[in-house]
Amino acid sequence: MNKILLIIQREYLSRVKKKSFIVMTLLTPVIFAGFYGMMIYFSIQGIKGSSNKIAVVNANKTLTEKLISTNNATYTYVNKPLPQMKAELATSGYDYVLYLPDFSLDDPSGIQLLGKKQAGLTLNNKVADDVENAIRNQKLKQSGLAQKDLDNLKSSVDIDMKKIGDTGKEEDSSAGASTIIAYVGGILMFMFILLYGIQVMRGVIEEKTNRIIEVMISSVKPFQLMMGKIIGIALVGLTQFILWIVLTGIISTAVVKIYADKSMAQSAVSTALKKQNENKIIKEATEKSPIGNIQKSLANLDVTKIITLFLFFFLGGYLFYSALYAAIGSAVDSETETQQFMFPVMMPLLLGYTLSLSVVTNDPYGNMAFWLSMIPFTSPIAMMVRLPYGVPDWQLALSMALLILGFIGTVWVASRIYRVGILMYGKKTSFKEMIKWFTYKN
Amino acid sequence: MLSVNNIVKQYAEHRALDDVSLTVEQGKIFGLLGPNGAGKTSLIRIITQITAPDSGEVIFNGQRLNSNHIAQIGYLPEERGLYKKMEIGEQVLYLAKLKGLSTAEATKRVRYWFEKLEMGSWWNKKVEDLSKGMQQKVQFVATILHQPELIILDEPFSGFDPVNAEIIKNEILELNKQGATFIFSTHRMESVEELCDSIALIHRSKKILDGSVEEIKEKYRNNTYWLEYQGEYNTELPSDVFEVLQKDIRKGTTTLKVKIKEGQSANNMLAALLPVVNIQRLDEVIPTMNDIFIDQVKTKD
């Protein structure tokens, strides 16, 4: 037992001390946090938009209802003819001139938006909406509605999605959030199993090509060496994962705080009203935007449960596959020879990955999703993808039990191939040969 | 201290060891000889518990070989290898700890040996930065660090320059004096004659010869002598005392290789020659291990 610990220690430390590990571990959360910050930034910017100053030249005699200014567009009515405005636009401080000709309210045509630069599609739609609103309001007033009736007509509809849990309790949910979590979980799981599984294989090949294996095997049992390597690398994976979560958390909080501070500083110079307004915008932006929605749902998803299960399925899936990778590593003399064996091991993982991200995300409760999340070859990824949509406890338990049985099985098979393979040199190994090794008596 | 009894090891289509038995005595240097592919490495792998025999047993210090003996055996394989990216000091420590040494004890001994073999400055170097000979030295230290009772060296001198080979040889002799038993596996006979007390010769999976080096040499002396003299003697004349195998005359000096016939002795030959010629040299031709090795391998083929 003590020897296994020594091996785990070496495998762990030799990897954690590597520069590439440190760089990857530190850089990835920065990239994550960068994305996160950008998403928040753009969602707020998108709502606030850039403010456009629009001079309205109203040549219409029937349209008396004024266009209502919003943050994106401030309308100022000017009492100048269009040609003069056109000529003065460059020096007037306005960005655009909106020309409302004398159209009939039933057929508004000939409206022009003239600017120093081409107006974007968003602004175009916005102005069109505002004009339409003004016309509608005018028409409604003409048909006898008072201003207060108009205000009454406004309503804002927000659908709150709730899922009824097993206990009948309502849970907030968001299909968007679940899908994102499912994708991130599935991709991370696939990446981790593949990356760390291949590290196990490389480690085994390294020991074989360096010819240190014979020295090692004269001190420890092949099984101890294999398990020590697998567990040591698993701990490297866990370390990296946990550091990512912690660092991403710290950096994201910092980014959000810096951004909030910046908006506070900006608003400090403005009036109290504007400040209130601005804060409301940010609050609204974060609440109304998809990001805000997702943040809300994130808070409702049981993050601890997801992370715990991620760790379990990562460990299970990793043990399941890394044992197979160890067996492959033991059977070859160099990495270039691994191709023929990699394919059958990669196939189920890749299949699980693609099916999980397509079929399972579309129908997380279907038959396909169920079986993919039960079979140990695909269950770590499929289960991660299903998890945010909710999985009955008995299915989780069954899947976990099957995964444990699965990796005990692969470790057993792999250790029998490994003990023979590591001492074989110079022979091209075939699957037939590996089966023969498996049946050797010790 | 070690006896190997009727070991059989069968690989798929190939019998690597066929009923091999041998005994290694405490405190001796034992040579395991044989051409490439004879089964030496298979036998060593069984003694080091890397593989298990199909039948037969190995007795170590009176006990059937088991995993408790791992710490008492040191093994330097023919194919040397270390972790390339690992620092030397750390690496040797690791290997020593795997043999059961505590960290403190292992550190002390690594420092001692690094000092002794002038490797002190290598501690933080990586294996890939060392020359092949330096790596061999590191591995030698790793092999003996846990003070094993039995040290098995597979082709110990390959890869060493003569200076370092001499250093290692002296270390081996010193360890031997302190009580360590050695098994050498080699096909290079010079080192055998210098170092080994006894040998076993393995050929085609079978042991074909074993015993102490003196005994074997004694057994293979065949009454052949080098004889040098000045003067005239007709070697064409038939003699019942000796037979001339080889003749060479240079500047009046005749050199003969002669074989003394059954029941005769060198004295009888001299008695016959003394009246006629002026004897300058008489040497017994003692077969080298190399001769015996080649002779044995050839006769069995």
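The values are calculated or read from the model by the stated rules, or taken from the named source; none is laboratory data. Everything quoted here is computed from the prediction, not taken from an experiment. Here Cβ is always computed from backbone atoms with ideal geometry, including for glycine, and neighbour counts include all displayed protein chains. Note: accessible area is taken over every heavy atom of the protein model, side chains too, but ligands, DNA and RNA are not part of it. Shrake-Rupley method; radii C 1.70, N 1.55, O 1.52, S 1.80 Å.
Could you tell me what % of all Cα pairs in the stretch A:50-143 have separations over 17 Å? Roughly 46 percent, once rounded to a whole number. Largest to smallest in accessible area, the residues B:T41, A:T336 fall in the order A:T336, B:T41 (1.4 Å probe, all protein chains included). If you take the Cα centroid of the stretch B:227-301 and the Cα centroid of the stretch B:102-163, the two points sit 48 Å apart.
Gain on full extension, evaluated as 0.36 nm per residue between B:E228 and B:T23 minus their Cα-Cα distance, stands at 69.6 nm. The B-A contact accounts for approximately 2400 Å² of buried accessible area, totalled over both chains at a 1.4 Å probe radius.
In this simple spin-label approximation, A:L150 and B:S55 carry label points 7 Å from Cα along the Cα→Cβ vector, and these lie 10.8 nm apart. Normalising by residue count, the stretch B:222-285 has a Cα convex hull of 77 Å³ per residue. Distance between Cα centroids, the stretch B:44-84 to the stretch B:164-208: provide it in whole Å. Taking the Cα centre of the stretch B:164-208 as reference, the centre of the stretch B:44-84 is 17 Å away.
Here's the picture: a label point sits 7 Å out from the Cα of B:A271 along the beta-carbon direction, and within the stretch B:213-250 the residues with their amide nitrogen under 14 Å of it are B:240-242. Counting every pair of alpha carbons in the protein assembly as shown, the share spaced more than 46 Å apart comes to 51 percent. For the stretch A:178-224, the spread of Cα positions along the three principal axes, ordered from largest to smallest, is 52, 19, 7 Å.
Legend: P(r) of chain B from all alpha carbon pair distances, 10 Å bins from 0, whole percents, reading 6, 23, 25, 19, 13, 9, 5, 1. What a 1.4 Å probe finds exposed on the stretch A:50-143 is 49% carbon and sulfur by accessible area, rounded to a whole percent.
On C-alpha positions alone, give me the angle between the axis of helix B:103-116 and the longest principal axis of chain B, in degrees, nearest 10. Here the helix axis deviates by roughly 40 degrees. So what's the back-of-envelope 222 nm ellipticity for the protein assembly as shown, counting only DSSP H runs of four-plus at -39500 (n - 2.57) apiece and dividing by all residues, rounded to 500? Calculated from helices alone, the mean residue ellipticity at 222 nm is -17500 deg cm²/dmol.
A 1.4 Å probe run over the stretch B:2-218, with the rest of the protein chains in place, finds 42 Å² accessible per residue. Where the centroid of each part is defined by its Cα atoms, how far is the stretch B:4-40 from the stretch A:106-159 in Å? Between the Cα centre of the stretch B:4-40 and that of the stretch A:106-159, the gap is 99 Å. Ordered from largest to smallest accessible area (heavy atoms of protein chains, 1.4 Å probe), the residues B:L33, A:L5 come out as A:L5, B:L33. The length gained on full extension between A:T70 and A:S334, counted as 0.36 nm times the residue separation minus their Cα-Cα distance, comes to 88.3 nm.
As an exercise, use a Förster radius of 45 Å and the Cβ-Cβ distance of B:R188 and A:V246 to find the FRET efficiency, rounded to the nearest 0.05.
Calculated value: 0.15.
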